[in-house]
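S.K.: Right, I'll just put the structure down here and ask away after.
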Ligand code: LMR
């Protein structure tokens with residue numbers, strides 16, 4: 001069977017973490033995988049999560065199966081968080097949630113659902129998260145790429161993105177990043193989101209809004225502007241949601257596929273298609289992370305603590321953006337990296353060639369994802385000078 005199976009190269013993001021761990025240099029800097037890190041470079045368990053976990057474990061009387069749509073209470077809690085508890089979308093029953101094994105599981109389930117319903121293509125803006133294309137292709141979708149980001153301007157190329165989206169029609173799907181664009185950090189403005197909503201309404205394509213960093217751009221309400229706008233203006237929207245970063249539940253694999261339908265009946269029918277696909281794949285998601293999220297969101301004190309911790313994390317990343325941009329100025333880089341201070345979420349793209357990325361890693365111990373993506377969480381007062389002087393060295397060599 002496996003005589004001819006080839007050894008594959010490591011994953012471009014997860015493989016980098018392994019290289020970093022094996023690097024003996026003390027001055028090395030990890031700007032790779034998208035996990036939050038505190039001042040000391042640690043990814044702590046959030047206090048709200050630790051308390052919720054204690055409650056969940058204490059109340060647990062069985063390990064019997066959960067339903068296919070996940071831990072009891074998880075779906076309604078996530079819907080309230082995403083749409084707002086008083087949302088007309090929720091009172092009309094137009095939204096349904098299926099808990100999934102992380103954001104990747106949500107994307108894969110969304111891809112299989114779209115494939116099973118005859119989606120003609122899935123279009124995404126370039127560059128995008130490196131796993132989007134292999135993951136969604138593996139679900140059987142035909143992927144088209146359109147421009148999203150202008151690397152010379154370090155900003156969204158909205159005219160080019162719109163020109164690509166203008167070709168879409170019914171049965172086409174457009175993937176958008178809900179907030180904190182991965183890898184560019186450059187989000188659409190509310191006015192641009194409104195324009196895409198009008199195009200989707202006129203042309204009939206379906207938006208798939210991938211949301212993995214809810215709470216890291218501005219705040220929990222502002223960050224879901226795209227989701228709420230599309231859901232208010234369009235009959236159908238799909239949302240893939242991750243609790244990895246905002247609840248710090250990475251390894252618990254906790255996410256959701258959220259379906260907005262034209263009516264309560266449509267939402268339920270589509271949800272039944274999704275749960276049937278899940279049953280044919282992994283049966284049901286791991287319950288633990290979903291139970292923790294439901295416990296936090298269902299308890300006002302835990303919820304307030306979680307919101308406070310999340311906003312502290314987001315503040316720290318914004319502070320790191322300013323620190324990096326200011327240090328670049330201090331090192332005489334003029335405005336070459338000033339755009340980083342204004343972008344959102346964990347990531348930005350450094351203007352680097354692949355050779356320069358290799359030199360940063362090999363000569364300076366600075367680990368950047370291919371294409372130039374950096375995770376701003378890896379920056380701190382102690383390492384920022386080494387980072388900027390290394391950037392200067394490789395770009396001015
Ligand atoms: C990232 O983009 O680094 C994260 O979403 C982790 C991953 O799975 O790639």
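Coordinate-derived values only; no laboratory data. Remember, it's a predicted structure, so these values are computed and weren't measured experimentally. All Cβ positions, glycine included, derive from the backbone under ideal geometry; neighbour counts span all protein chains shown.
S.K.: With no solvent and one point on each alpha carbon, what is the Debye value of log10 I(q)/I(0) for the range 211-297 at q = 0.10 Å⁻¹?
M.R.: -0.30
S.K.: Still on this structure: For the range 44-96, rounded, prolate or oblate, judged on the Cα gyration tensor with a ≥ b ≥ c (square roots of eigenvalues), a/c < 1.5 rounded, else prolate if a/b > b/c?
M.R.: The shape class here is oblate.
S.K.: If you fit an axis through the alpha-carbon atoms of helix 354-364 and take the longest principal axis of the Cα set of the chain, what angle between them do you get, 0 to 90°, nearest 10?
M.R.: Relative to the chain, helix 354-364 is tipped by roughly 60 degrees.
S.K.: Could you tell me which of rounded, prolate or oblate describes the range 234-278, using a ≥ b ≥ c as the square roots of the eigenvalues of the alpha-carbon gyration tensor, with rounded for a/c under 1.5 and, failing that, prolate when a/b is larger than b/c and oblate otherwise?
M.R.: It comes out oblate by the Cα gyration axes.
S.K.: If the viscosity is 1.002 mPa s and the temperature 20 °C, what translational diffusion coefficient in µm²/s does Stokes-Einstein give for the chain when Rh comes from Kirkwood over Cα pairs?
M.R.: Answer from the Stokes-Einstein relation: 98 µm²/s.
S.K.: May I ask for the distance between the Cα centers of the range 52-80 and the range 107-127, given as a whole number of Å?
M.R.: The two parts, judged by their Cα centres, are 29 Å apart.
S.K.: Pairs of alpha-carbon atoms within less than 8 angstrom and 6+ residues apart define the contacts here; what relative contact order does the chain have, in percent?
M.R.: Over the chain, the number comes to 25 percent.
S.K.: May I ask for the angle, rounded to the nearest 10°, between helix 190-203 and the longest principal axis of the chain, with both axes built from Cα atoms and the value confined to 0 to 90°?
M.R.: Around 50 degrees separate the two axes.
S.K.: Continuing with the same structure: What do you get when you divide the Cα radius of gyration of the range 65-298 by 2.2 N^0.38 Å, with N the number of residues?
M.R.: 0.93
S.K.: Going by Cα centres, the range 255-275 and the range 183-235 are how many Å apart?
M.R.: Rounded to whole Å, the Cα centres lie 19 Å apart.
S.K.: Using only the alpha-carbon atoms, how far is helix 74-83 inclined from the longest principal axis of the chain? Give it as 0 to 90 degrees, nearest 10.
M.R.: It is inclined by approximately 70 degrees.
S.K.: Classify the range 1-66: rounded, prolate or oblate, from the alpha-carbon gyration tensor (a ≥ b ≥ c, eigenvalue square roots; a/c under 1.5 rounded; otherwise prolate if a/b is larger than b/c)?
M.R.: Oblate, because a/c is 1.5 or more while a/b does not exceed b/c.
S.K.: Whole percent per 10 Å bin, from 0 to the bin with the longest distance: what is P(r) over all C-alpha pairs of the range 256-346?
M.R.: 14, 21, 22, 23, 15, 5, 0
S.K.: Mind computing the radius of gyration and Dmax over the alpha-carbon atoms of the range 17-173? Å is fine for both.
M.R.: When restricted to Cα atoms, the range 17-173 yields Rg and Dmax of 20.7, 58 Å.
S.K.: Can you compute the FRET efficiency between residue 64 and residue 151 using 1/(1 + (r/R0)^6), with r the Cβ-Cβ distance and R0 = 56 Å? Round to the nearest 0.05. Don't jump to the answer; show the numbers that get you there.
M.R.: Details: r = 52 Å, r/R0 = 0.93.
Here the calculated transfer efficiency is 0.60.
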